[in-house]
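Enquirer: Below: one structure in structure tokens.
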């Protein structure tokens, strides 16, 4: 044995063990440090919603409830929830639109309703927010109507049926229906307009056939740009997709059709296997607080579900903030739609492919 | 040694009498036509490859918040928005970090596997090669979902190493393939000669084998970096909340804000990829790729 090895009695085994322990320690450190801090895993949106959640709403919740809020904004949420264990789900609170909530509840991934005793602010929401068309609770809604250009001389548009007017041929924007919930809601609207109701698919298909030529997009963001660029003169869009350009001198407007607007709900539900249900209920109650609702509504132009929210005049004039305005909302029977989705997807693909 | 006179040289330098060779005159126009067609085909391929990049650049520089042609002006507002966004900056750095780790892991594992396959006289080496390349045949979105489910079962959440492992899985085939291509024509006698001259196996590897297979390994490493940096389907399931890669951040962004920031982000990504290739050229030299 050499002198140097006496001075540094470090065998290869010791070195490797030490390095492995150090590595494990470094990797585990964040978890150990936060071991006693409860974590609430939720889903959420990006864009301005994500910005304000990250900057203000989320940190305020964390501070008040002494917890860590982990928000997954990377879609798709449902397959991840499906892949995770029911007893240890990857999310505690699922935030999606209504159609996905119905798919989730059918698979037993979320609880069908929220207990109002655990979420007291539910007492202040409009009836649509907890109706039989809603899983969990709706915290905001947008109105799906018609977005259109105001500089093309199209004249007055007041009805959904104006969307079929021949003057919009080649300037009509629509959705790839299987991929977009606004497009799916519109299928139900077609049944209502030209048939016996939302479930009259034959009438809906016949009406969709007459929309050609039409420009199809996947995302609502793309529809906004289609209208902003003038590539489409009219398109199915939610009100926030137009109102967000308020004050920016864009020649676009939102039309509330006389037959009513479709409801695009932002829904929260709780997963049955969540280990932090108390915190999950607290989060939902927090999201329904008037001050939180006001901040988010005025950031992203969503209509608050809480009746007590008082928005600034600019927002109050446009969003659904009174019982009369809310009365124009038409809720979609997503449970029924999801059950027919494969058949509808196949049929609408044939219609628009031809 | 005797020298051999280049007998054909006079024929090459002598002027050709076209009148004495009517056949050549008759063939000239088709040759010119062929060359023109060849040139046109090349230009068409180049245009096909570069048009999307040109559109992205136009979108990024156009001040309007939507794609408009012809553009109405030149503005850097989308680049300002991109660089001012904490989310985009974080995603960009995180993507670079993941791509760098993936490149190292995929290169070490892929090149080692290729060497073992080519040299190890392993039984069923064809099957091993097919297995190593199989991640390319499986839709990457399924790979992502399967890995996500595995991590959930192991109760490890969505750690950084899990994301890097996913990226490594889909990039290893590139390194294996390019390294095997070089090893295919490798002259084993060079290694034998080195060892006959007293070099140890380790020294032989670093001074003979590695320099000779470097073009393949390097090509694989570049593929690994680019594939990881642009990786979307695997990342879709494996990114953790708050740690999204650039493609995922772009996807989330365009669902809500389809403006020129997407174009600016794409231009920056293209420039970064270009800079990586340039840096590799400066440090290790890419001319050796020609051998591939």
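Enquirer: Taking the options B:213, B:267, name whichever one is more than 14 Å from chain A (Cβ to nearest Cβ), more than 13 Å from residue B:91 (Cβ to Cβ), modelled with pLDDT of 90 or more and in a helix (DSSP H, G or I). Lay out the reasoning, then the answer.
Expert: Values: B:213 fails: modelled with pLDDT of 90 or more.
Just one listed residue meets the conditions, B:267.
Enquirer: Still on this structure, I have one more. Just to be sure I understand, how many residues within segment B:237-252 are more than 19 Å from residue A:78 (Cα to Cα) and at pLDDT below 90?
Expert: Of the residues in segment B:237-252, 2 are more than 19 Å from residue A:78 (Cα to Cα) and at pLDDT below 90.
Enquirer: Residue B:182 passes all but one of (1) at pLDDT 90 or above; (2) surrounded by 19 or more Cβ atoms within 10 Å (Cβ to Cβ); (3) more than 12 Å from chain A (Cβ to nearest Cβ); which number fails?
Expert: Single failed check for residue B:182: (1).
Enquirer: Which of the numbered conditions does residue B:247 fail, given that it passes all the others? Conditions: (1) buried (at least 22 other Cβ atoms within 10 Å of the Cβ); (2) within 14 Å of chain A (Cβ to nearest Cβ).
Expert: Tallying (1) buried (at least 22 other Cβ atoms within 10 Å of the Cβ); (2) within 14 Å of chain A (Cβ to nearest Cβ), residue B:247 fails exactly one: (1).
Enquirer: A further question follows. For residue A:214, are the conditions met, namely being in contact with a strand residue (DSSP E or B) (Cβ under 9 Å, 6 or more places away or on another chain) and surrounded by 24 or more Cβ atoms within 10 Å (Cβ to Cβ)?
Expert: Here the answer is no, as residue A:214 does not meet what is asked.
Enquirer: Given the criterion over 21 Å from residue A:71 (Cβ atoms), in contact (Cβ under 8 Å) with a residue 12 or more places away in the chain and within 10 Å of another protein chain (Cβ to nearest Cβ), identify the matching residue among B:258, B:218.
Expert: B:258
Enquirer: Further question: Among the numbered conditions (1) within 14 Å of chain B (Cβ to nearest Cβ); (2) more than 30 Å from residue A:86 (Cβ to Cβ); (3) not in a helix (DSSP H, G or I), tell me where residue A:264 comes up short.
Expert: It fails just one condition, (2).
Enquirer: Oh, and also: Here is a check on your reading of the model: is residue B:201 more than 14 Å from every other protein chain (Cβ to nearest Cβ), closer than 21 Å to residue B:107 by Cβ and surrounded by fewer than 17 Cβ atoms within 10 Å (Cβ to Cβ)?
Expert: Yes; evaluated as a whole, the condition is true for this residue.
Enquirer: Which of the residues spanning segment A:320-353 are assigned to a helix (DSSP H, G or I) and under 30 Å from residue A:297 (Cα atoms)?
Expert: The answer is A:323, A:324, A:325, A:326, A:334, A:335, A:336, A:337, A:338.
Enquirer: So which residues in segment B:151-176 are assigned to a helix (DSSP H, G or I) and more than 18 Å from the chain's Cα centre (by Cα)? Talk me through it step by step, then tell me what you get.
Expert: Just the residues of segment B:151-176 that are assigned to a helix (DSSP H, G or I), to begin with: B:151-154, B:160-176.
B:151, B:152, B:153, B:154, B:160, B:161, B:162, B:163, B:165 - these are the residues of segment B:151-176 that are assigned to a helix (DSSP H, G or I) and more than 18 Å from the chain's Cα centre (by Cα).
Enquirer: Given the conditions (1) closer than 27 Å to residue B:257 by Cβ; (2) buried (at least 17 other Cβ atoms within 10 Å of the Cβ); (3) in contact with a strand residue (DSSP E or B) (Cβ under 7 Å, 6 or more places away or on another chain), and given that residue A:219 satisfies all but one, which numbered condition is not satisfied?
Expert: So the condition that residue A:219 fails would be (3).
Enquirer: Next question. Name every residue in segment B:221-232 that is under 18 Å from residue B:105 (Cβ atoms) and within 14 Å of chain A (Cβ to nearest Cβ), in order of residue number.
Expert: Hit for segment B:221-232 is B:231, nothing else.
Enquirer: Let me ask something else about it. Give the residue that is nearest to residue B:152 (Cα to Cα), with candidates limited to residues of segment B:233-244 that are touching a helix residue (DSSP H, G or I) at 6+ places or on another chain (Cβ under 8 Å) and either more than 11 Å from every other protein chain (Cβ to nearest Cβ) or free of Cβ contacts under 8 Å to residues at least 60 places away in the same chain (or both).
Expert: Looking at residues that are touching a helix residue (DSSP H, G or I) at 6+ places or on another chain (Cβ under 8 Å) and either more than 11 Å from every other protein chain (Cβ to nearest Cβ) or free of Cβ contacts under 8 Å to residues at least 60 places away in the same chain (or both), I get B:234.
Enquirer: Still on this structure, please answer the following. If you scan segment A:165-197, which residues turn out to be part of a helix (DSSP H, G or I), surrounded by fewer than 17 Cβ atoms within 10 Å (Cβ to Cβ) and in contact (Cβ under 8 Å) with a residue 40 or more places away in the chain?
Expert: A:178
Enquirer: Still on this structure: On the basis of being modelled with pLDDT of 85 or more, within 26 Å of the chain's Cα centre (by Cα) and farther than 30 Å from residue A:245 by Cβ, does residue B:41 make the cut?
Expert: Details: modelled with pLDDT of 85 or more: yes; within 26 Å of the chain's Cα centre (by Cα): yes; farther than 30 Å from residue A:245 by Cβ: yes.
Yes: the conditions hold for residue B:41.
Enquirer: May I pose another question? Based on what the data block shows, is residue A:147 within 14 Å of chain B (Cβ to nearest Cβ), touching a helix residue (DSSP H, G or I) at 6+ places or on another chain (Cβ under 8 Å) and in a strand (DSSP E or B)?
Expert: Yes: the conditions hold for residue A:147.
Residues are listed down the side, and each one gets a yes or a no for (1) surrounded by fewer than 18 Cβ atoms within 10 Å (Cβ to Cβ); (2) away from chain A (no Cβ under 14 Å); (3) more than 24 Å from residue B:223 (Cα to Cα):
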| site | (1), (2), (3) |
| --- | --- |
| B:90 | yes, no, no |
| B:99 | no, yes, no |
| B:104 | yes, yes, no |
| B:120 | yes, yes, yes |
| B:130 | yes, yes, no |
| B:142 | yes, no, no |
| B:160 | yes, no, no |
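Enquirer: Does residue B:276 qualify as being modelled with pLDDT under 85 and either under 30 Å from residue B:117 (Cβ atoms) or part of a loop (DSSP other than H, G, I, E, B) (or both)? Explain how you work it out, then say what you get.
Expert: Details: modelled with pLDDT under 85: yes; either under 30 Å from residue B:117 (Cβ atoms) or part of a loop (DSSP other than H, G, I, E, B) (or both): yes.
Taking the combined requirement at face value, the residue satisfies it.
Enquirer: Same structure again: Among the listed residues B:94, B:82, B:148, which satisfies the condition of being within 28 Å of the chain's Cα centre (by Cα), part of a helix (DSSP H, G or I), surrounded by 19 or more Cβ atoms within 10 Å (Cβ to Cβ) and away from chain A (no Cβ under 14 Å)?
Expert: B:82
Enquirer: Can you tell me how many residues within segment A:203-236 are in a loop (DSSP other than H, G, I, E, B), within 14 Å of chain B (Cβ to nearest Cβ) and in contact with a helix residue (DSSP H, G or I) (Cβ under 9 Å, 6 or more places away or on another chain)?
Expert: Count: 4.
The values are calculated or read from the model by the stated rules, or taken from the named source; none is laboratory data. Given the structure is predicted, the values throughout are model-derived calculations rather than measurements. All Cβ positions, glycine included, derive from the backbone under ideal geometry; neighbour counts span all protein chains shown.
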